[in-house]
Each structure stands twice: as structure tokens, then as C-alpha cells.
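Computed from the coordinates by the stated procedures, all read-outs in this text should not be read as laboratory data. Predicted model, so just to flag it, every value in this text is computed and none were measured. A quick note on method: Cβ atoms are made from the backbone with ideal geometry, for glycine too, and the neighbour counts reach across all protein chains shown.
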Amino acid sequence: MSTSTRREFLQSTIATGAALATASVLTPRAWARRDDKAARPLKILILGGTGFLGPACVDAAQARGHTLTLFNRGVTEKRKGGMFPDMEKLVGDRDPKKGEGLKALEGRKWDAVIDTSSYVPRITKASCDLLAPNCGQYVLISTVSVYKNNDKEGLDESDELGTIADPTVEEMGKEFENYGPLKALCEQTAEKIMPGRVCNIRPGFIVGPNDPTDRWNYWPWRIAKGGEVLAPGTPADPVQIIDVRDLGEWIVHCIENNINGVYNAVGPNKPLNMGQMLNDVKTGVGGDAKFTWVDADTLEKNGAQPPIWVPPKGEMKGFHTRSAAKAIAKGLKSRPVSDTAKATLEWLRTLPEDRQKRLTQPKAFPAEKETEILASVKAK
């Protein structure tokens with residue numbers, strides 16, 4: 001993966017991460033999941049809760065009968081005209097140096113905390129120090145970007161983590177080189193303060209309804225449009241995605257069963273490749289799309305980076321092959337890719353045209369670039 005491609009990947013990952021903490025209520029589940037009530041209703045605090053993953057956690061927890069409290073700045077909710085009107089909301093800031101900081105959390109007790117918005121260890125430390133005496137479990141949403149290298153296939157949670165020379169840095173860096181190491185420090189900070197009570201979850205590409213990026217949305221939208229579709233690399237190239245609804249349900253499952261430790265939350269449960277993914281998307285959205293495969297070298301020469309796909313070579317050879325065996329053994333489940341595609345397309349079609357455009361037309365792979373490359377391939 002080139003430097004620019006890696007930078008674009010990290011930018012989209014960080015954008016999604018920000019949205020985890022700060023999207024409208026999720027589309028209703030399109031297939032039957034666990035809607036039976038939990039044996040013991042729990043009190044759960046979500047640090048964030050109004051973005052991408054947050055509402056999925058809310059949806060899953062409410063379906064099981066749990067009581068939720070959301071803590072955030074209130075900015076996103078105000079902009080969207082109010083979300084979750086019947087839910088307790090506490091207003092403050094993750095940064096104790098800003099405004100009232102974490103004051104609204106003082107003296108309160110919860111069975112578990114879901115932290116979707118830790119990016120630097122200082123912020124993680126502040127919330128963990130305050131909440132440690134008053135909560136049973138701390139679930140921190142991290143990322144597979146914590147790993148130092150991605151050049152080997154099938155590695156698990158024991159793989160070496162990235163490091164940073166100055167752990168007090170709070171900037172992502174010009175090439176976003178600090179993002180992964182800072183997330184690793186957040187994990188370590190939480191575990192140090194609450195030993196044995198932390199569940200560090202490392203997702204890869206989170207996709208599905210309400211995805212605030214163009215990286216997954218592109219595929220159901222483009223394939224539903226039909227015609228000749230450029231398919232990147234080869235059908236055998238690996239790819240890993242997890243539906244935000246599956247991740248939200250598993251997070252609640254981890255809380256109900258007091259599952260702690262470190263887990264790669266990547267999916268689906270069975271290995272997936274680009275050929276299968278694109279065919280499954282077509283099954284979900286319908287249409288007459290026909291795939292024309294274009295090799296990685298041709299795409300690189302043309303400066304094109306189709307979303308989600310990462311060429312399985314060099315320093316990124318193992319990126320889409322992280323082992324999720326540990327999480328699967330603890331109950332992580334994945335719905336069919338076709339279901340994710342169908343639900344994503346249905347959601348996209350409810351949006352205003354300008355937002356549809358932003359979420360389905362990647363800057364790194366505009367429509368004219370696809371047309372240009374397909375024409376050049378045919379000419380050869």
C-alpha cells in the first residue's frame with residue numbers, strides 16, 4: 001500500500017471513529033436477532049452514543065431490556081433535532097480541561113461503560129480514574145490499527161503493537177502515524193487502572209446503515225446502479241468487514257457475560273474475498289451489474305484506490321486477514337453480506353441527494369476514473 005493510500009485508509013478510519021462517538025437511529029434489523037430480554041437488566045453508560053456505533057449499541061441494549069445513559073457534548077444531538085428522547089443524557093466533555101469536563105459523571109454508578117471515543121491516553125485516564133470505583137466493566141472500542149505491522153497473514157491479538165516516542169503527543173501526525181500507537185496506549189491505560197475489568201475491542205472496517213464514510217457505501221450504491229463495474233485486484237483478494245449492528249450486539253453480549261480481554265472484532269465469521277463480497281452485495285441490492293476485474297498494478301498506475309479493497313502485498317499483505325477466532329469463540333456473529341448491502345442501500349436512499357453523493361462517490365475513486373480505466377482495459 002502506498003503512503004497516500006495508507007493515509008487515506010487512516011483518515012477514513014479516524015473519520016469513522018469520530019462518528020462512533022458523535023447519525024440517526026439505525027434502520028430496523030432486517031433479520032431476526034436476539035430480541036429476548038436479558039436475565040438481569042443492566043445500567044450501561046455510553047461515552048458518546050449519537051454517532052455510528054453508538055446508536056447500534058443503544059439499539060442492541062434496548063432490545064435486551066437494559067437502561068442506558070449517554071454522556072457527550074450534546075452537539076450532534078442538537079444538530080439533528082434530538083435523538084433518543086426517552087433516554088437519560090448527561091452533558092459534558094471527555095477532556096477534563098474543557099468546560100465542566102466529566103463532572104456530570106461524578107457520584108453515579110453503572111454496571112458497565114462503553115467508551116467509543118478514546119483517542120489519546122490522557123482522555124482515557126481521566127474517565128477511567130473517575131469511573132473505576134463506580135462501574136463493573138469498561139468496554140473500550142479500539143482498532144486493528146494498533147498493530148505495528150500488517151505484512152503477515154492470519155495474526156491474532158498477540159501480534160506486536162505500534163509504539164510512539166512521546167506518549168504525551170495528542171496529534172495524529174501528518175501521515176496519521178500516531179493514530180494506532182495512541183489507541184494502543186489508550187488500551188493499556190484502561191487496563192492499568194481497571195485490571196481484569198476491561199474489554200478492549202479492535203474492529204477493522206465497520207460498515208452498514210449510517211456509515212459516515214464512502215468506503216463501504218460505494219459498493220451497494222454502485223452495484224445497484226448496474227452496468228459494467230470495475231472490480232479491484234482479483235476475486236481471491238481477502239477482505240474483512242463487520243456490520244455495525246453485529247458489533248453493537250456483540251458489545252452488549254460481552255457486557256452481559258462479563259467478557260474481558262483483547263479481541264479483534266473483524267468479520268465475517270468465515271473468510272471472505274472480494275469476489276464473494278461483490279457477488280453478495282449484488283444479491284442484496286439486485287440489478288444487472290457485471291464485474292470487470294482490474295489488477296492492482298493497473299489501478300496504482302492510474303492513481304485509483306477503490307474503497308475497502310487493500311492490495312494483499314508488501315506491508316499490507318495481512319491487513320484483511322486478522323484472526324477473529326478469539327472473538328468468535330466468545331460469541332461474535334456476522335449476518336450475511338447481502339443483508340448488510342440491502343440495509344445500507346435502503347438507508348442511503350432515504351438521504352438528501354447531496355449527502356448521497358458525499359457518501360457514495362469516493363474522492364480516491366471518482367466515477368470518471370472508473371470509466372477511464374475500464375475504457376483503457378478494453379482498448380488493450
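Descriptive notes on the structure:
- Note that segment 179-190 has calculated 3J(HN,Hα) couplings of 4, x, x, 5, 4, 4, 5, 4, 4, 5, 5, 4 Hz, one per residue in order, obtained from phi through the Karplus relation 6.51 cos²θ - 1.76 cosθ + 1.60 (θ = phi - 60°); glycine and proline are x.
- For LYS225 and ASN257, the FRET efficiency from 1/(1 + (r/R0)^6), where r spans their Cβ atoms and R0 equals 30 Å, is about 0.10.
- Quotient of the Cα radius of gyration of segment 177-268 and 2.2 N^0.38 Å, N being its number of residues: 1.39.
- Simple spin-label estimate for GLU88 and LYS43 in nanometres, 7 Å along Cα-Cβ: 0.5 nm
- Stretch gain in nm, segment ASP166-GLN62, where the contour uses 0.36 nm per residue and the Cα spacing is subtracted: 33.3 nm
- Inter-centroid distance (Cα atoms) of segment 229-278 relative to segment 349-380, Å: 25 Å
- Using alpha carbons only, the radius of gyration of segment 221-380 set against its Kirkwood radius gives Rg/Rh = 1.00.
- Taking 7 Å steps out from each Cα toward its Cβ at ALA379 and SER158 produces label points 5.3 nm apart.
- Remark: spin-label model distance LYS103-ASP295 equals 6.4 nm, labels positioned 7 Å along the Cα→Cβ axis.
- Net length gained if the chain between GLN361 and LYS330 were fully extended (0.36 nm per residue, minus Cα distance): 7.5 nm
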